[in-house]
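Notes to accompany the following structure.
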Amino acid sequence: MKIFLLLFLLSVGFVMLVKGADWFVSGASSLAQRFGISQLVIGMTIVAIGTSAPEAAVSIAAALKGSADITIGNIVGSNILNVLIILGISAVITPLAVSKSTLRYEVPFMIMVTLLLLVQGGDGEIQFMDGFVLLVFFLLYLFYLYCIAKKGSEPGEVPVKSQGMKSSIFAVTAGLVLILLGSNLSVDAASAIARMLGMSERFIGLTIVALGTSLPELFTSVSAARKGNADIAIGNIVGSNIFNILFVVGLSAWIIPVPFSSGFLADTLTAAAAGILLLICSAGGQKLGRGSGILMLLFYLGYFVFICV
């Protein structure tokens, strides 16, 4: 009976995370538009960061509670899911055009920071200085976004629904509150389920928690794909993955050293391989087709079987 209660609480936590992220993105985007911030910057920062807010909240909460395997498992698992499942599903729905900028700079940078995480975790722990390096790279990434925004490059338009000032502030505040409450509820329930069923926190973090915190990216990218706006679908995923590693892991390591168990080496390599697969599938005709989407889904199926064995 207790397991059903925990599953219910985990589901409630996920709903709070998804709704909180939705309110946060809507409110923050509306505020940014009111202050004259370009839609390019809104899309590559606020939307990407907003949809990654659940990963940030869950990972930092897990680090503070000593559930380190959920911290790293959530980030690495979410990044694998984002590329293989979310872009895979989006590409199956409709072929996705990929901009030259994304192929030349952003996807390779995503792969690079994933390998950087792998190197940093080689000694079994992400320490304070490792976190500092990640946060410095995050600031450089933000500067890069600022530069391409100044050049007037437009990889895609982000539809922003205008709200009143008070409504926007309320949405941002309420969204953050829901994200924080949902993250605590999710971590506590997931940890309890793992202990009760004899599952490792690594497995729970890589699968259940990763899927739950990736729901905002899933809804955003699939919706963008259905509307034919491929840049939002791909930009949201690539931006979210970069944010997850550089900001979330970096900030978590600043708060408390984050253990990196040897099991995560294969998982992080898989995350890097997923990025390389995205690069290869998109490079030919600058398009992610249905065949590539199916290949990505099969790749994830193989990975899931691997972690279950």
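The values are calculated or read from the model by the stated rules, or taken from the named source; none is laboratory data. As the structure is a computational prediction, the values presented were derived from the model and not from experiment. Methodologically, a virtual Cβ is constructed for each residue, glycine included, from the backbone with ideal geometry; neighbour enumeration extends over all protein chains shown.
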- Query: For the stretch 262-298, what are the residues that are in contact with a Ser or Thr (Cβ under 9 Å, 6 or more places away or on another chain) and either among the acidic types (Asp, Glu) or under 28 Å from Gly198 (Cα atoms) (or both)?
  - Reply: Gly263, Thr268, Leu269, Ala271
- When the stretch 99-141 is examined, which residues are found to be modelled with pLDDT under 90, in contact with a helix residue (DSSP H, G or I) (Cβ under 7 Å, 6 or more places away or on another chain) and either among the acidic types (Asp, Glu) or farther than 18 Å from Ile237 by Cβ (or both)? Glu106
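Kindly indicate which of Asn236, Asn241 is under 27 Å from Val12 (Cα atoms), part of a helix (DSSP H, G or I) and at pLDDT below 85. Step through it out loud before you land on a result.
Numbers: Asn241 fails: at pLDDT below 85.
Sole residue among the options that is under 27 Å from Val12 (Cα atoms), part of a helix (DSSP H, G or I) and at pLDDT below 85: Asn236.
Go through the residues of the stretch 192-199 one by one and say whether even a single one is within 17 Å of the chain's Cα centre (by Cα), in a helix (DSSP H, G or I) and among the aliphatic types (A, V, I, L, M). Steps first, please.
Step one: list which residues in the stretch 192-199 are within 17 Å of the chain's Cα centre (by Cα), which gives none.
Among the residues of the stretch 192-199, not one is within 17 Å of the chain's Cα centre (by Cα), in a helix (DSSP H, G or I) and among the aliphatic types (A, V, I, L, M), which makes the answer no.
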- Query: Of the residues Ile60, Ile80, Ile93, Ile86, which single one is more than 24 Å from Ala283 (Cα to Cα) and touching a helix residue (DSSP H, G or I) at 6+ places or on another chain (Cβ under 6 Å)?
  - Reply: Ile60
- Quick one: which residue in Ala189, Ala210, Ala225, Ala174 is in contact with a Leu (Cβ under 7 Å, 6 or more places away or on another chain), more than 25 Å from Met112 (Cα to Cα), at pLDDT 70 or above and assigned to a helix (DSSP H, G or I)? Ala189
- Restricted to the stretch 259-279 and to residues being surrounded by fewer than 17 Cβ atoms within 10 Å (Cβ to Cβ) and either at pLDDT below 90 or acidic (Asp, Glu) (or both), the residue farthest from Ala97 (Cα to Cα) is Pro259
- Can you find even one residue in the stretch 274-293 that is part of a helix (DSSP H, G or I), farther than 21 Å from Tyr105 by Cβ and touching a Gly at 6+ places or on another chain (Cβ under 6 Å)? yes
- Message: Within the stretch 19-45, take every residue that is within 17 Å of the chain's Cα centre (by Cα) and modelled with pLDDT under 75 and give me the one that is nearest to Ser101 (Cα to Cα).
- Response: Met44
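Quick check: anything in the stretch 71-79 touching a strand residue (DSSP E or B) at 6+ places or on another chain (Cβ under 9 Å) and outside any loop (DSSP other than H, G, I, E, B)?
The first filter runs over the stretch 71-79 and keeps only residues touching a strand residue (DSSP E or B) at 6+ places or on another chain (Cβ under 9 Å), leaving 71-72.
Next cut, outside any loop (DSSP other than H, G, I, E, B) only: 71-72.
There is at least one residue in the stretch 71-79 that is touching a strand residue (DSSP E or B) at 6+ places or on another chain (Cβ under 9 Å) and outside any loop (DSSP other than H, G, I, E, B).
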